[in-house]
Amino acid sequence: MALCALALSACQPQAPANAAAPESTTAAPPPAMPSPDPNAAPVERAAPPLIKPVALGEFEPGNPVASAATGKLSIEDATLKGANGASFGTERVALVTGGDEYSAGATYAASMQIDASQPVELRHVVEQTPPTDQPGNAFCGGTPTAYIALAKVGEGEREVVKVLALQGQDLPAPGAKGVSVCATTSYLVASR
């Protein structure tokens, strides 16, 4: 019977050995809002590098494609304007070299007929207006021009600006998909 009483008492709920109330824990107060240190020098960050233009100014068409696409061409910091009403609002994207690829296996040097080490300014076209009288004569015809590459080279005694118009949504690069040439043309430095 003693064994039964012991077994029954083991089934009864019992109070834990340490029945004291748990200690309350408090977290440290949140840190105060930091205030600027008036003695600390301000942090200066480097500005992004400026992409220097390879060509600015007035240029005469150097071939029939240039005559039809723009006529006389004015190249400015953010605009290419043709005498025939064609206009391209642009932003500089990169300064590359002729040996760089704008699409898999296609280099600026091969398409523009320039040296592989020649600097090439790549501009993204953000807005454009086709030629007034012949809209189909735009660099890419009825398709929007996405990028324009510019290179200024010496040919004989004249300076020539080579222009490569590209279409496609991707940024011209070796892995770009759908980037293709619309037009290649050249302009001569305008006589003064």
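Which residues among the range 101-126 fall inside the zone where the amide N is under 19 Å from a point 7 Å beyond the Cα of Val189, along Cα→Cβ?
114-115, 118-121
Which value, in debye to the nearest 20, gives the size of the charge dipole of the range 57-189 about its Cα centre, when Lys and Arg are +1 and Asp and Glu are -1 at the Cβ?
Around 220 debye, computed over the range 57-189.
Starting from the 7 Å offset along Cα-to-Cβ, what nm value, one decimal, do you get for the label separation of Thr143 and Arg158?
2.9 nm
Please turn the phi angles of the range 175-184 into ³J(HN,Hα) values with the Karplus equation 6.51 cos²θ - 1.76 cosθ + 1.60 (θ = phi - 60°), one per residue in order, whole Hz, x for glycine and proline.
Each residue's phi maps through the Karplus curve to give x, 5, 10, x, 8, 9, 7, 9, 7, 10 Hz.
Please report the orientation-averaged projected area of the range 57-189, defined via the convex hull of its C-alpha atoms, in nm².
Numbers: hull surface 28.0 nm².
For the range 57-189, averaging the hull's shadow over all directions gives 7.0 nm².
Given labels modelled 7 Å from the Cα in the Cβ direction, how far is it in nm from Glu76 to Leu50?
Going by the 7 Å Cα→Cβ label model, 1.8 nm.
For Ser103, which sequence-distant residues (separation of 5 or more, or a different chain) have an amide H within less than 5 Å of its own amide H, given hydrogens modelled in the peptide plane?
Counting only residues 5 or more places away or on other chains, the set is Ala173.
Once you place label points 7 Å from the Cα toward the Cβ at Glu58 and Ala94, how far apart are they in nm?
3.4 nm
Since every read-out is calculated from the coordinates, none of them should be taken as a lab result. Predicted, not measured: the structure shown is a model, and the values here were computed from it. Neighbour counts run over all protein chains shown; Cβ positions are idealised from the backbone, glycine included.
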